[in-house]
Amino acid sequence: MSLKKEASGRRSIQVEVEVPGTPEEVWQAIATGPGISCWFVPAEFEERDGKPVAVTMNFGPGMESRSVVTAWDPPRMYTKEADGWIPGSPPIATEWNVEARAGGVCVVRVVQSLFASTDDWDNQLIGTESGWPGFFRILRIYLTHFRGQRSAIMQVMAPVAGTKAEAWETLTAALGLSGAGDGQSWVVPTGVPSLGGVVEHISHSACGALLRLDKPNPGTAALYTITFGSSVMAMFSFYLYGDQAADTVAHVTPIWQAWLQERFPMPTEPGKSE
């Protein structure tokens, strides 16, 4: 945990990743709508007089987040500020930095901060800190293998019965990922929609995997089971690249949604019958 508390009341976390590319190439990936949409969530920058003034991120239906750009220094740094995550919470400032290193790589550093007189909001900062490494792995794959290509995002999900560990065991068994390790080539078994590539990172204990795809389209897939309050969800996020990415997403989204719902039928409420 890197939560830092200052006498002024500022509380912040800092996460960084080393990625390939020049500062200009990395800046395109973290400071433009099309770039951010290649590895995080769909994003769009608003401009005024040729300068970005706000950015909107779409985390799902009804979950848009709009931030005001408060500093802009390409290709080195920008800062944005948004309302807090829940009513009554303080505004959140997010600073992005790109630092060139030898060997054709850059360090991307994100610092998120808020001002508070109590510890009430610390867990929210700590929670965001734990989420960045997974997205940074996708960013590194994108800049290593797919830099500058067009992209399209697909996300499908289904509620599941039982624990997230039980759901993960069911999911990996169905996809042929049981016992898989980092760096392993892999193709789904017969009867599963087309999917295959290389296992970039998998954690059976954390119930998540990151795959670099060559089927059904070049790209990256993040597969995981997670707990939302009292519910458990199985989720697929595909980041597909190239001229055919959008067409592929349009074609395979209903196929994978149907497969996931068939694999995890809707849980019934206790006392109710079908």
Q | Estimated inter-spin distance, residue 120 and residue 215, nm [label 7 Å along Cα→Cβ] | A | 5.4
Q: Go through the range 223-236 residue by residue and turn each phi into a ³J(HN,Hα) via Karplus (6.51, -1.76, 1.60, θ = phi - 60°); whole Hz please, and just put x for glycine and proline.
A: 10, 6, 10, 9, 9, 10, x, 9, 9, 10, 10, 9, 9, 10
**Q.** Residue order, fewest to most beta carbons within 10 Å, for 101, 212, 66
**A.** 101, 66, 212
Q) What shape does the range 44-156 take by its C-alpha gyration tensor, where a ≥ b ≥ c are the square roots of the eigenvalues and a/c under 1.5 counts as rounded, a/b above b/c as prolate, and the rest as oblate? A) rounded
Q. Given labels modelled 7 Å from the Cα in the Cβ direction, how far is it in nm from residue 258 to residue 102?
A. 5.7
Q: Compute the distance in nm between two label points, each set 7 Å from the Cα along the Cα-to-Cβ direction, one at residue 109 and one at residue 266.
A: 4.9
Q.
For q values of 0.11 Å⁻¹, compute log₁₀ I(q)/I(0) with the Debye formula on a Cα-only model of the range 151-263, without solvent.
A. -0.32
**Q.** Kyte-Doolittle at least -0.5, axis length at least 24 Å by Cα - qualifying DSSP helices, the chain
**A.** 122-145, 245-263
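Based on Cβ point charges of +1 for Lys and Arg and -1 for Asp and Glu, what charge dipole magnitude is obtained for the chain about its Cα centre, in debye rounded to the nearest 20?
Roughly 280 debye, rounded to the nearest 20.
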(Q) With the cut-off at 1.5 for a/c, could you classify the range 76-223 from its C-alpha gyration tensor as rounded, prolate or oblate? (A) oblate
Q: Rank-order 84-97, 183-196 by packing density, defined as the average count of other C-beta atoms within 10 Å over each peptide's residues, highest first.
A: 84-97, 183-196
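Could you calculate the FRET efficiency of residue 190 with residue 169 from 1/(1 + (r/R0)^6), where r is the beta carbon distance between them and R0 is 22 Å, rounded to 0.05? Walk me through the numbers before you get to the answer.
Details: r = 20 Å, r/R0 = 0.92.
Efficiency computed from Cβ-Cβ geometry: 0.60.
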Q: Can you tell me how much longer the chain between residue 85 and residue 18 gets when fully stretched, taken as 0.36 nm per residue apart minus their C-alpha distance, in nm with one decimal?
A: 21.3 nm
Q | Nearest-20 debye value, the range 151-263 charge dipole, Cβ charges on Lys, Arg, Asp, Glu | A | 120
Q | Residues in the range 117-131 that a label on residue 5 would reach, taking backbone N under 15 Å of a point 7 Å out along Cα→Cβ | A | 117-126
Q.
Can you match percent of Cα pairs over 28 Å apart to one of these, (i) 52; (ii) 36; (iii) 41, based on a calculation from the structure here?
A. (iii)
Q) 222 nm [θ] for the chain, helices only, -39500 (n - 2.57) per DSSP H run of 4+, per residue, to 500? A) -8000 deg cm²/dmol
Q | Dipole of the range 159-234, positive end: most advanced residue of 219, 179, 162 [Cβ charges, Cα centre] | A | 219
Q | FRET efficiency estimate (nearest 0.05) - Cβ-Cβ, residue 130 to residue 47, R0 35 angstrom | A | 0.60
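Rule-based calculations on the coordinates, nothing more; no lab input. Note that this is a predicted model, so its numbers are computed, not measured. Glycine also receives a Cβ, built like all others from the backbone with ideal geometry; neighbour counts cover every protein chain displayed.
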